[in-house]
Amino acid sequence: MLQTYRSHPAQLARIRDTVRDLAVQAGLQRGRIEDLVLAISEAAANAIVHSGSGRLTVSWEVTDDRVVVEVRDEGVFRKRVPMPELDGVGGHGIPLMMALVDEVSVREGTAVAPGTVVRMVVGRGSQAATG
């Protein structure tokens, strides 16, 4: 499944609802569903706020033992070290995603090859991590 969204904060509720529905259909446990929804919402919010792209896509793949979700934008990834004393409460998105799902990888969009991809994996059934 691949869904495209306008890059606007108003789309986050739609993204969360879609991810929640797909996670239920995939048979994920309730706690895993909410963790995944939060992680995808964070990735989408980062794409909306930081990428400068006009749209983002969320792809969804279910296999026998896992769910793989990718959030893609058309922008450039800006590396930065979070500095809460300067930035306020932000800057914790990727560590939060890492705490919520089993695997996280980021392919950073560059000026030469724009388009950041955040890939998240959660296990299904008894193989799923608990936390």
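Mind listing whichever residues of the stretch 107-125 are of a type in the set (A, V, I, L, M, F, W, C) and out of contact with any helix residue (DSSP H, G or I) (no Cβ under 7 Å at 6 or more places or on another chain)? Result: ALA111, VAL112, ALA113, VAL117, VAL121.
Tallying residues that are modelled with pLDDT of 95 or more and either over 19 Å from THR116 (Cα atoms) or among the hydroxyl-bearing types (Ser, Thr, Tyr) (or both) within the stretch 39-58 yields 2.
Among the residues of the stretch 107-120, those identified as surrounded by fewer than 17 Cβ atoms within 10 Å (Cβ to Cβ) and not small (Gly, Ala, Ser) are ARG107, GLU108, THR110, VAL112, PRO114. Evaluation of MET1 against the conditions (1) modelled with pLDDT under 95; (2) touching a strand residue (DSSP E or B) at 6+ places or on another chain (Cβ under 7 Å); (3) of a type outside the set (Val, Ile, Thr); (4) surrounded by 12 or more Cβ atoms within 10 Å (Cβ to Cβ) shows that the sole unmet condition is (4). Of everything listed in (1) within 21 Å of MET1 (Cβ to Cβ); (2) among the acidic types (Asp, Glu); (3) at pLDDT below 95; (4) touching a Ser or Thr at 6+ places or on another chain (Cβ under 9 Å), the single unmet condition for GLU108 is (1). Filtering GLU85, GLU61, GLU34 for residues that are farther than 17 Å from GLN3 by Cα, surrounded by fewer than 17 Cβ atoms within 10 Å (Cβ to Cβ) and modelled with pLDDT of 95 or more leaves a single hit, GLU34.
For beta carbons closer than 6 Å, sequence separation of 6+ or different chains, a first residue in the stretch 23-44 that is touching a residue at least 60 places away in the same chain (Cβ under 8 Å) and a second that is part of a helix (DSSP H, G or I), the qualifying pairs are ASP35/LEU100; LEU36/ALA23; LEU38/LEU100; ALA39/MET97; ALA39/LEU100; ILE40/VAL19.
The values are calculated or read from the model by the stated rules, or taken from the named source; none is laboratory data. Since we're looking at a predicted model, the values are computed, not measured. Glycine also receives a Cβ, built like all others from the backbone with ideal geometry; neighbour counts cover every protein chain displayed.
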